[in-house]
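Peer 1: Shown below is the structure under consideration.
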Amino acid sequence: MMEMLEGNTDLSISLNMKNIPELDGVKELLEEDIVSSLATSNSLALDQMDTSNCSYLDLLPMLFDPQTAGGLLAAVSPDGAQDVINQLQEAGYDKACSIGTVVARGASDKTIYVI
């Protein structure tokens, strides 16, 4: 996701955690602190995130564990997003949804706002 913003200082991403589909059993594994060996180094990306308004902090590790962070992410214009979601769902990807938006950079120097 951060690679999508690379080189652009005018844009940020607002990521809506409540919309991110969670795989069965992920929450239980996170509660038991069971993560892969790469999750810790991947979580260094938190340095580029503003989580001050996030209500789902307990699910943040799900974004960094390579076992659960490998879903397809596509940037689609707002005008066509719902059509793309509908087509994906009709094709059998029932968890396809919008998880965030690209927004103008705010006062913070963080690149991703997680709410």
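The values are calculated or read from the model by the stated rules, or taken from the named source; none is laboratory data. Not measured: the values here are computed from a predicted model. Heads up, the Cβs are rebuilt from the backbone with ideal geometry, glycines too, and the neighbour counts pull from every protein chain shown. The area values use the complete protein model at the heavy-atom level, side chains included, leaving out ligands, DNA and RNA. Shrake-Rupley method; radii C 1.70, N 1.55, O 1.52, S 1.80 Å.
Peer 1: GNM, the chain, Cα, under 10 Å: largest mean-square fluctuation among Leu46, Leu38, Leu15?
Peer 2: Result for the chain, Cα springs under 10 Å: Leu38 fluctuates most.
Peer 1: Right, something else. Please give the calculated 222 nm ellipticity per residue for the chain, where each DSSP H segment of at least 4 residues contributes -39500 (n - 2.57) and the sum is spread over every residue; nearest 500 deg cm²/dmol?
Peer 2: -5500 deg cm²/dmol
Peer 1: Per the 1.4 Å probe, what fraction of the accessible area of the chain, in percent, lies on carbon and sulfur atoms?
Peer 2: 52
Peer 1: Looking at the chain as a GNM with Cα springs under 10 Å, which of Asp94, Asp65, Asp79 has the largest mean-square fluctuation?
Peer 2: Asp79
Peer 1: For the chain, what is the percent of antiparallel DSSP beta bridges, rounded to the nearest 5?
Peer 2: Bridges in the chain are about 50 percent antiparallel.
Peer 1: Dipole of the chain, Cα-centred, from +1 at each Lys and Arg C-beta and -1 at each Asp and Glu C-beta, to the nearest 20 debye?
Peer 2: Roughly 260 debye, rounded to the nearest 20.
Peer 1: Sticking with this structure for a sec: Return the single residue from Thr40, Thr101, Thr51 with maximal mean-square fluctuation; model: Gaussian network over the chain, springs between Cα atoms under 10 Å.
Peer 2: Sorting by GNM fluctuation, first place goes to Thr40.
Peer 1: Taking each pair of distinct Cα atoms in the stretch 9-103 once, what is the resulting Kirkwood hydrodynamic radius in Å?
Peer 2: Result for the stretch 9-103, one decimal place: 14.9 Å.
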